[in-house]
Structures are given as C-alpha cells and as structure tokens.
1. Given the options A:43, A:279, A:270, which has the most mean-square fluctuation in a GNM of chain A, springs set between C-alpha atoms less than 10 angstrom apart?
2. Among A:179, A:216, A:94, determine the one that fluctuates most according to a GNM of chain A built with springs between C-alpha atoms less than 10 Å apart.
3. Considering only A:135, B:17, A:28, whose Cα is most displaced toward the positive end of the charge dipole of the protein assembly as shown, charges sitting on Cβ of Lys, Arg (+1) and Asp, Glu (-1)?
4. Quote the charge dipole size of chain B about the Cα centre in Debye, to the nearest 20; the model charges only the Cβ of Lys and Arg (+1) and of Asp and Glu (-1).
5. Determine the dipole magnitude for the protein assembly as shown: charges of +1 sit on the beta-carbon of Lys and Arg, -1 on that of Asp and Glu, nothing else is charged, the reference point is the Cα centre, and the result goes in debye to the nearest 20.
6. Going through the cross-link list B:155/B:219; A:231/B:155; A:253/B:219, which pairs have a Cα-Cα distance over 29 Å in this structure?
7. For chain B, modelled as a GNM with alpha-carbon contacts under 10 angstrom, which of B:39, B:69, B:206 fluctuates the most?
8. Of A:95, A:249, A:224, which is farthest towards the positive pole of region A:77-305's charge dipole, taken about the Cα centre with +1 and -1 on the beta-carbons of Lys, Arg and Asp, Glu respectively?
Amino acid sequence: MQADAVYPLPAAPRRRRRFRLGMLFMLPAFLVMTIFFLGPALYAVYVGFTNLALTGNGAAAPSWVGLNNFHQILKDSQFFAALRISLTYLVGSALIGQAVLGMLLALLMRNRRPLFKTVLGGIIVACWVMPDVVAGYLWFAFFHADLMGLGTGTGLLNTIVSTFGLPQHAWLQEYPMAAIIVANTWRGTAFSMLLYSSALEGIAPELLEAASIDGAGVVARVRLIILPMLKGTIATDLLLITLATLSDFTLVKVLTGGGPGFDTQLLTIYMYQHAFNFYQLGYGTAIALLIILTGAILSLLYIRVLRVEV
Amino acid sequence: MRRRWFIPTSAASYAILVVLALFFLLPFLWLIVASFTPNANLGTVWFANASLDNFRYIFDSGYGKGFENSLVLGTSTMVLVVVLSCGAGYTLSRYQFRFKKTIMLSILFCTGLPVLALIFPLYAMYVQLGLIDSTPGVIIFFVASLLPFSIWLMKNFLDSVSVDLEEAAWVDGCSTFGSFWRIVLPLSAPGIAVVGILGFIGAYTNFFIPFILYSSADKFPASVELFTFFGSYGQINYGQIAAYAMLYTLPAVALYMFVARFFVKGINIGGSKG
C-alpha cells in the first residue's frame with residue numbers, strides 16, 4: 001500500500017486501469033467455463049426433468065415431465081442394485097483401498113532412501129497417469145483365465161496361483177467385484193499418496209521426536225499426532241477420491257463391461273445404458289443428478305465427521 | 001531401548017514397501033513383454049522371441065492416426081488451458097475485489113463436478129450448436145472441464161511468487177502487463193509446466209468424452225481406437241494391442257515424470273493448515 005506513493009502515475013487512475021486489466025485477464029477463462037461447463041451443468045438440471053431423447057417424441061419436442069424420471073428411477077430395482085454396487089466399489093477401492101494404502105505408503109516412505117523413493121513413487125504414479133483404457137487391459141490380462149483352453153493364454157495371476165499348487169479361477173467372472181476393487185485401488189492410490197506425502201512434510205520432525213522421547217511408539221505417534229494434524233488433508237482427499245470414484249466409468253467398462261450379468265454395473269454404466277443404448281437422455285441425466293447428489297451428501301458427511309472448515 | 005526399535009522398524013518398512021511395489025509392478029509385466037512378442041497372448045509374461053514386429057506393424061498399418069488425433073487434442077488443450085488459467089490465476093492471486101471468495105469457492109465446487117454427469121446435456125447442446133463429431137468442440141469441452149482445477153493450481157503457484165519484485169518493476173516504470181510477462185511468468189515456470197502437462201494428460205488419456213462426442217472413426221483418438229481395436233477384429237492380436245497401448249502410454253508417463261516434483265507443491269491445497 002505504501003508503494004502507491006512512488007508510482008509514476010497518480011495512484012487512483014493507475015489502480016483503476018490496473019483493475020480493468022485484471023478483469024480483462026480473467027474474462028476469457030470465465031467465459032469458456034460459463035458457456036461450456038456451467039452451461040451444460042445448469043442445462044442438466046433442466047434436462048433431468050424432461051423426456052429429452054435421441055429418437056421419438058422426446059427428440060422433436062422434449063417436454064417437461066416434472067419428477068417423472070425420478071419416480072421411474074426410484075421404482076427401478078436395477079437402480080438400487082447399481083447404487084449398491086457403486087457404493088461397494090467406492091468403499092472398497094477408494095476409502096479403504098486408495099486412502100488407506102496411500103496413507104500407509106506416505107508414512108512408510110518418509111525416511112527411506114531417495115533413490116528407493118523415486119523408483120517406487122515413479123511406478124505408483126505411472127499407474128495413475130496412464131490412460132484408463134490401458135489400465136483396463138493390463139488388469140484384463142492379469143486376471144485372465146483360459147480354463148477351456150482356447151489358446152488365449154493363462155493370465156499372470158493364474159500362473160502365480162498354480163505355481164503354488166492352488167486351483168485357477170476365472171477371476172473376472174467368479175469374483176468380479178473384488179477384481180474391479182483391486183484394479184481401481186492400484187490405479188488411484190498415487191493421488192492419495194502424493195497428497196499425504198506433501199502434507200506429512202509439513203509436520204515438524206521435532207514434534208515426532210519429542211513424542212518418541214516421551215515414550216510414544218509408532219502406532220501412538222501416528223494415531224495421536226500425525227492423523228489429527230492431517231485431518232484437513234484427509235477430508236480433502238476423501239472428498240476428491242469419492243467424487244472421482246463415483247463418476248468412474250472407463251476402467252470397469254473395459255474390465256468387465258458391467259458384467260457378468262449386472263454384477264459390476266456401476267451407476268455410471270447404468271446411466272450410459274439408458275442414455276445411449278436406449279436413447280433416453282432425460283432419464284440418463286436424471287440418474288447423473290442423483291450421482292451428483294450422492295457425491296454431495298457424502299462430501300458433507302466427511303466434512304461433518306472430520307469436523308474441518310472448508 | 002529406543003535404538004532397538006529403530007532397526008526392525010526400518011527393515012519392516014522396506015519389506016512392506018517391496019511387497020507393495022510388486023503389487024504395483026506385476027500388472028505391467030504383460031504390457032511390456034507382450035508388446036515385444038509377436039503372436040503374444042494374454043498369458044505372455046516372459047520374453048521368448050523378442051522383436052520389434054508389433055511396433056513396426058502399428059507404424060505401417062495406419063493406426064498412427066489415433067496417436068495423431070490424441071496429440072492434437074492434448075496439445076491444443078494444453079495451450080488453451082495454460083493461457084486461460086494464467087490470466088485468471090493472476091487476477092485471483094494479485095487483486096482484491098468483492099466476490100473473490102465466492103468465485104474461489106465456486107471454482108472449488110466446479111472441480112468436484114463429475115464431467116460424466118454433464119456429458120448428456122452437453123451432447124444435447126452440441127447437437128443444437130452443430131459441434132457433434134467436431135474436434136474443436138471436443139477440445140473446448142476439455143478446456144472448460146479442466147479449467148477449474150487448473151485455475152486453482154495456477155493461483156496457488158502464483159501466490160508463491162513474491163509481489164515485491166513486481167512492485168519494484170512498476171516503480172522502475174514497467175507496465176502491469178510488462179511485469180506479468182517479464183517477472184511473474186518466468187518465476188512461475190514450474191507451475192505453468194505442471195498445469196500445462198496435467199492439461200495435456202487430461203485430454204490425451206481421456207476416453208469417455210471423445211467416445212461420446214465423436215462418431216467418425218478417422219477422428220477417434222488413441223483411447224477410443226484402442227477400445228474398438230480390441231473388440232472388432234475376428235483374430236485378436238494381443239501383441240499388437242500391447243504395443244499400441246505401450247506407445248500410447250509412454251508420452252503421458254514421461255511428461256508427468258518431468259514435472260512430478262513441482263506438482264506435489266501445487267496440490268497441497270489448503271488442507272494442512274493447522
């Protein structure tokens with residue numbers, strides 16, 4: 001503020017000009033977001049209440065149908081099956097898999113050698129930045145079973161299992177849920193790990209040292225110092241991975257296609273079926289709104305339970 | 001007493017980490033081995049007759065178009081995201097104005113909106129605008145959906161560039177734009193690289209958006225091409241698929257490794273103030 005006095009121009013006009021330039025800098029980004037991101041988002045709220053479709057009546061003149069779509073969805077037992085599957089997937093792969101494994105990795109890697117950290121971190125991050133479709137194929141091959149001898153080869157997991165003399169399984173058909181949970185844990189752990197590692201760096205080593213001099217063991221140090229101090233980061237992480245997992249589609253689509261039967265039909269796959277295979281865009285969008293609602297409820301829950309200010 | 005504790009803990013840590021490393025590493029084995037093995041199947045996990053035939057086939061058979069399309073999507077998205085988020089991030093970092101907090105909160109909220117939920121309304125909107133099956137249409141949606149997170153990151157990075165240097169430049173007669181161009185941008189180069197590369201990876205690896213918005217096969221990016229490649233040919237050649245997947249994955253991983261150490265600084269979003 002004091003620097004104003006030495007500006008070559010009188011302060012007020014200069015500041016006004018600077019302000020206008022600032023707004024000009026911001027304008028293009030907000031224009032693009034408003035038209036192509038907020039636009040569809042608001043339109044989604046409208047479409048969810050119409051019978052918009054790709055063919056038939058709803059295509060020519062979509063009309064307002066009120067809560068009809070939602071009524072229909074809530075009457076569909078498949079919706080609840082999909083919701084249950086999505087939530088199982090969320091709890092198993094994100095909350096338990098990614099968050100816990102990410103925290104464990106962040107804690108264990110704290111005082112390891114730099115080279116070791118770089119290599120292991122690199123492998124884990126590679127799983128995360130690789131394209132979804134490729135990740136799906138990797139796990140498809142890993143779980144593959146050729147029990148009928150079609151010549152497609154025995155996947156690595158079955159090879160390992162039979163080396164130990166155990167029976168082979170058609171994992172993707174027999175344990176589809178466990179399979180997609182493991183695959184998504186593998187894929188997404190890097191994000192939680194990175195978030196927690198960077199937050200751990202913010203904890204002063206003296207604090208942990210002091211605790212350990214006072215006789216606190218590893219478990220006590222983690223439970224009484226590290227976890228409470230990381231509460232905010234944990235909430236942020238849970239929030240972000242929940243939203244990401246609820247809207248996951250590609251990995252499961254490639255790996256199981258939602259099957260066998262409907263056993264791994266996530267909400268998003270159920271939505272895709274209705275919108276693009278049955279051409280009911282209004283109905284599909286209503287499902288999307290319910291997915292957002294689920295995400296919002298869970299986010300509020302985390303913030304409440306972990307008592308953080310956002 | 002405490003000494004005794006230290007050594008086993010460290011050894012145990014390494015042991016657990018090695019097991020976890022195996023978990024993350026094993027699925028890669030098929031991709032790497034199969035891509036170098038002609039006539040590979042899903043069970044090919046050790047080198048028998050390694051050759052570059054699969055890669056040669058990908059280059060000779062015209063599948064390169066998918067990579068080209070993905071690179072176009074990635075690069076255009078990267079450039080637009082960097083330019084737009086630099087501008088917005090600068091204003092949000094340097095200026096105080098009414099509604100700034102509201103704007104930051106809405107940006108955070110948008111970061112969490114699942115793109116998947118927007119795709120059908122977007123599809124309906126694009127039908128009206130004639131943007132279905134058009135590359136600019138796909139790019140602009142990538143840009144719009146990546147902007148909230150990019151602006152957030154960019155603001156965090158710009159916040160760490162001291163205002164003092166800029167003020168010194170103004171005193172010496174530099175214009176606002178001049179100080180932005182000559183001082184802020186060079187100093188925040190790592191942040192810009194992170195935002196740019198995440199933008200590139202976001203568009204380059206995405207499957208769902210092009211899968212929905214494109215209808216002509218010659219416009220498909222590598223992700224969609226790989227997906228259709230897998231299903232639509234009678235005799236599936238797994239070696240070629242692996243080689244294709246490998247070529248597709250490498251640029252994304254390599255680019256990320258390039259900025260990895262800067263990224264961690266930027267994502268520490270607000271959480272750990274305590």
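1. A:43
2. Comparing A:179, A:216, A:94 in a Gaussian network model of chain A, the most mobile one is A:216.
3. With unit charges placed on the Cβ atoms, the residue in question is A:28.
4. That gives chain B a dipole magnitude of about 1100 debye.
5. In debye, rounded to 20, the protein assembly as shown gives about 1660.
6. B:155/B:219
7. Sorting by GNM fluctuation, first place goes to B:39.
8. Value computed over the given set: A:224.
Taken together, the values in this text are just the output of simple stated rules run on the coordinates, not laboratory data. Since the model is a prediction, treat every value here as computed from it, not as a measurement. When we count neighbours, we look across all protein chains shown, and the Cβ atoms used for this are built from the backbone with ideal geometry, even at glycine.
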